[in-house]
Amino acid sequence: MAKALYPGSFDPITYGHIDIIKRAKKLFSHLTVAVMRNPEKRMLFSLTERQSLVIAALREIGLNDTQVIPHDGLLVDLARQLHVDAVVRGLRASTDFEYEFQLALTNRDLDPDFESVYLMTSRDFSFISSSIVRQVKSYGGDVRRFVPLCVDRALAEKFSQKTPG
Ligand code: COA
């Protein structure tokens, strides 16, 4: 019975992430979603807000049996702590490959037992990303095809608080 971990920054969660979660749940007996920090990125939502949005989004589509945890630290440490068999990541296009390759090899170097599994993102979501969604919404565009309603609302609220710079 294989256990898997799906980590990401989820700023915010999109239907692209949800597509990977749905497919990973079919392959693994237990899936934990870890909402993490990516020190290279400036986040719109706090770690707690991102975790709450992942929980709300999964509840909205009926996947409320999925464990969602926050983690501020190395991915290898969390994978070891949870005794997972694999870490799942989504691949959108060839542009994702180099980054994911580097991530996988660094993690393997830090822990030789670290195993990554890559799932191809569905064509419908292969062109979206959290930053594209944030950008479209910040200019008042409609992102409801890309994110669940709770995320759309949270984005609207966040941008209504922001003063134009
Ligand atoms: N469909 C659509 N978009 C997708 C997607 C999918 N299936 N999967 C990922 N994306 C997008 C995300 O929206 C995100 O878009 P953005 O860059 O516009 O925000 C982008 O792809 C990548 O995001 P994500 O998958 O959330 O990963 P990340 O690169 O932000 O973070 C971590 C990856 C958290 C796993 C990594 O930073 C990490 O391990 N951090 C902990 C520290 C650590 O261990 N570092 C050493 C590892 S080298």
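Ser116 accessible area, nearest 10 Å², 1.4 Å probe?
30 Å²
For the Cα atoms of the chain, what angle does the longest principal axis make with the long axis of helix 15-27, in degrees from 0 to 90, nearest 10?
Between helix and principal axis, roughly 30 degrees.
By the gyration tensor of its Cα atoms, with a ≥ b ≥ c the square roots of the eigenvalues, what is the shape of the range 62-155: rounded for a/c under 1.5, prolate for a/b over b/c, or oblate?
On the way: a/c = 2.29, a/b = 1.64, b/c = 1.39.
Since a/c reaches 1.5 and a/b is larger than b/c, the shape of the range 62-155 is classed as prolate.
Quote to one decimal, in nm, the extra length available between Ala2 and Arg144 on full extension: 0.36 nm per residue of separation minus the C-alpha distance between them.
On the way: separation 142, 0.36 × 142 = 51.12 nm, distance 3.37 nm.
This chain segment gains 47.7 nm when fully extended.
If you count, for each residue, the other Cβ atoms within 10 Å and average over each peptide, how do 102-112, 140-150 line up from highest to lowest?
Averaged packing, sorted descending, gives the order 140-150, 102-112.
Given Thr48, Met36, Gln102, which one lies farthest toward the positive end of the charge dipole of the chain, if we put +1 on the Cβ of every Lys and Arg and -1 on the Cβ of every Asp and Glu?
Thr48
Over the chain, what relative contact order in percent results from Cα pairs under 8 Å that are six or more residues apart?
29 percent
Which order, highest average first, do 82-90, 37-45 follow once you tally other Cβ atoms within 10 Å for each residue and take the mean per peptide?
Going from most to least packed, we get 82-90, 37-45.
Can you list residues from other chains, or at least 5 along the same chain, whose modelled amide H is less than 5 Å from the amide H of Lys3?
Under 5 Å from the amide H of Lys3: Asp85, Ala86.
Give me the one-decimal nm value for the distance between modelled label points at Val136 and Glu157, 7 Å along each residue's Cα-to-Cβ direction.
The two pseudo-label positions are separated by 2.2 nm.
Tell me whether the range 18-101 comes out rounded, prolate or oblate; compute the Cα gyration tensor, take square roots of the eigenvalues as a ≥ b ≥ c, and use a/c under 1.5 as the rounded threshold.
Rounded, since a/c falls under 1.5.
Using a 1.4 Å probe on the protein heavy atoms, what percent of the accessible area of the chain belongs to carbon and sulfur? Please list the in-between numbers first.
Details: 4920 of 9580 Å².
Reported share for carbon and sulfur atoms: 51 percent.
Compute the distance from the alpha-carbon center of the range 104-146 to that of the range 15-84, in whole Å.
Between the Cα centres of the range 104-146 and the range 15-84 lies a distance of 12 Å.
Express in Å², to the nearest 10, the accessible area of Lys158 obtained by rolling a 1.4 Å probe over the protein heavy atoms while all chains stay in place.
For Lys158, solvent-accessible area is about 40 Å².
Tell me the net charge near Gly62. Cut-off is 12 Å between Cβ atoms, Gly62 excluded, with +1 for each Lys or Arg and -1 for each Asp or Glu.
Around Gly62, the surrounding residues sum to +1.
Could you give me the ³J(HN,Hα) list for the range 104-114, computed from phi with Karplus coefficients 6.51, -1.76, 1.60 and θ = phi - 60°, whole Hz, x at Gly and Pro?
Coupling constants for the range 104-114: 5, 6, 5, 5, 5, 5, 6, 8, x, 8, 5 Hz.
How big is the Cα convex hull of the chain in projection, averaged over all directions, in nm²? Please list the in-between numbers first.
Details: hull surface 38.5 nm².
Computed as one quarter of the Cα hull surface, the answer is 9.6 nm².
Would you mind checking which residues have amide H under 5 Å from Met120's amide H? H placed 1.01 Å from N; only 5 or more apart, or other chain.
Sorted by chain and number, the residues that satisfy this are Leu91.
If the cut-off is 22 Å between C-alpha atoms, which lysines fall inside it for Lys3, apart from same-chain ones fewer than 8 positions away?
Lys22, Lys25, Lys26
In terms of the Cα gyration tensor, with a ≥ b ≥ c the square roots of its eigenvalues, is the range 64-113 rounded because a/c is under 1.5, prolate because a/b exceeds b/c, or oblate? Please list the in-between numbers first.
On the way: a/c = 2.15, a/b = 1.25, b/c = 1.72.
Note, shape of the range 64-113 comes out oblate.
So how far apart, in nm, are the two label points at Val117 and Leu91 if each is 7 Å from Cα heading toward Cβ?
The two pseudo-label positions are separated by 1.5 nm.
For a label point 7 Å from the Cα of Ser129 along Cα→C-beta, name the residues of the range 86-102 whose backbone N is under 12 Å from it.
Label zone hits: 92-100.
Go through the range 92-97 residue by residue and turn each phi into a ³J(HN,Hα) via Karplus (6.51, -1.76, 1.60, θ = phi - 60°); whole Hz please, and just put x for glycine and proline.
Calculated HN-Hα couplings, in order: 8, 9, 4, 5, 6, 4 Hz.
The values are calculated or read from the model by the stated rules, or taken from the named source; none is laboratory data. These figures come from a predicted structure and were not determined experimentally. Reconstructed Cβ throughout: ideal geometry from the backbone, glycine too, with neighbour counts over all protein chains shown. Note: accessible area is taken over every heavy atom of the protein model, side chains too, but ligands, DNA and RNA are not part of it. Shrake-Rupley method; radii C 1.70, N 1.55, O 1.52, S 1.80 Å.
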